[in-house]
1. Kindly indicate whether any position in region 285-292 is exposed (fewer than 15 other Cβ atoms within 10 Å of the Cβ) and under 24 Å from the mean Cα position of the chain (by Cα).
2. Select from region 132-165 the residues that are among the charged types (D, E, K, R) and part of a strand (DSSP E or B) and write down the one among them that is nearest to Gly249 (Cα to Cα).
3. Can you name the residue in region 238-264 that is of a type in the set (D, E, K, R) and surrounded by 15 or more Cβ atoms within 10 Å (Cβ to Cβ) and, of all such residues, is farthest from Pro215 (Cα to Cα)?
4. Please go through region 97-133 and pick out each residue that is within 13 Å of Pro39 (Cα to Cα) and among the hydrophobic types (A, V, I, L, M, F, W, C).
5. Can you pull out the residues in region 126-151 that are in contact with a strand residue (DSSP E or B) (Cβ under 7 Å, 6 or more places away or on another chain) and among the hydroxyl-bearing types (Ser, Thr, Tyr)?
6. Which one of Asn68, Asn32 is surrounded by 13 or more Cβ atoms within 10 Å (Cβ to Cβ), modelled with pLDDT of 95 or more and on the phi < 0 side of the Ramachandran plot?
7. Would you call Thr371 at pLDDT below 95 and assigned by TED's automatic domain parsing to the domain that holds Glu191?
8. Please find, within region 72-87, the residue that is surrounded by the fewest Cβ atoms within 10 Å (Cβ to Cβ) out of those that are of a type in the set (Gly, Ala, Ser) and more than 16 Å from Gly105 (Cβ to Cβ).
Amino acid sequence: MTKAIYRVLTFSVLACAVCLAQTDDSQPAVTNVRAAAYPRVHGDLRVTFQFKAPNAQKVQLQPGGDDNGLGKGPIDMTRGADGTWTVTIPPAVPGFHYYWFLVDGATVNDPGSETFFGYGHETSGVDVPEKGADFYAAADVPHGDVRIHWYYAKTTAAWRRALVYTPPDYDRNPRARYPVLYLQHGAGEDERGWTSQGRANFILDNLIAARKAKPMIVVMEQGYATKPGPSPAAAPGAANAAFEQVVIGDLIPMIDATYRTIADRSHRAMAGLSMGGAQALQIALTHLDKFAWIGSFSAPLRANSDLKTSYNGAFADAAAFSKKVHLLWFGAGTAEERMHRPAMEMHEALEKAGIRNVFYESPGTSHEWQTWRRDLHEFAPLLFQ
């Protein structure tokens, strides 16, 4: 009788183990290096991380910053018998998230992840898919090209690199000319961010294929610039001023001379995320002879108490502004209080002043790439209409 019960219990345990194995629906993250099994994303959006460090005393998962969709870190990991450390976090917010490991206090990237430039250095990243959202996926549609373009900027007396997206028919239709969107990254990132983390090229490919957005050229430049000469004595804001001069004096003339653009303000837009959004507002609002379409994604806004004096008086004459600017657009995630509230307040103040503008909320997302992917997806169809 005892043996019979033992056999039944043994069978039940084995059956449960098989059942659990069959219900493990986790998949390697799309941001993993080839053949890497971890990180793994589960069907309920939990994420499992592993890191092998047999000699380590403590290993922790550190999500990028406090404002992220993976949770507040550092998160302790558990050591296995073979020295592999593991942790499974609760369901993450969909989207791209930076992370790294702390191995006995030292910052270490995950060898299972591709690296992405963020926080001022190469770091790991995991992309958690959003169920039912394919607007940023590579689809069976015509694809544009992302070109690496080096050019010499007189402002900085140095070579600079821009990434330039050309729409799918650019090379097939050599007589066609296109409007241009200048699209900027955030602080700690660079010109690769909008394609590597943001998947901007796929967003545009899909919108253009669906005839929801006009075919356009998208220029992505690094938002840092330093003029020749000693830098320690540079006044506050000098770097932003130098970048503004690069955009107006070097970048736009180079793009118009090199690519088949429609080189007038009605066919030129500027937008960006976070720091890049602030740059877009500053540069475009100060140079309304160059831009007619402006987008701010989660930008730190710099409005004065008197709206009419903000941004060098761009809003002083509401009627004149509305004639010049075809679109002024603000976006923010509902989970990023620091950016969401000021954007909403700016939108409301401008509306009260008689200046048309658009305010978009990304539901449930914070100061991260899923907010900005959604921003671009909503912003681009309104351009050049």
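1. No, every residue in region 285-292 fails to be exposed (fewer than 15 other Cβ atoms within 10 Å of the Cβ) and under 24 Å from the mean Cα position of the chain (by Cα).
2. Arg160
3. Among those residues, the one meeting the criterion is Glu244.
4. Within region 97-133, Trp100, Phe101, Val126, Val128 meet the criteria.
5. Tyr151
6. Values: Asn68 fails: modelled with pLDDT of 95 or more.
Testing whether each residue is surrounded by 13 or more Cβ atoms within 10 Å (Cβ to Cβ), modelled with pLDDT of 95 or more and on the phi < 0 side of the Ramachandran plot leaves just Asn32.
7. no
8. Ala81
The values are calculated or read from the model by the stated rules, or taken from the named source; none is laboratory data. Nothing here was measured: the structure is a model prediction, and the numbers come from that model. Here Cβ is always computed from backbone atoms with ideal geometry, including for glycine, and neighbour counts include all displayed protein chains.
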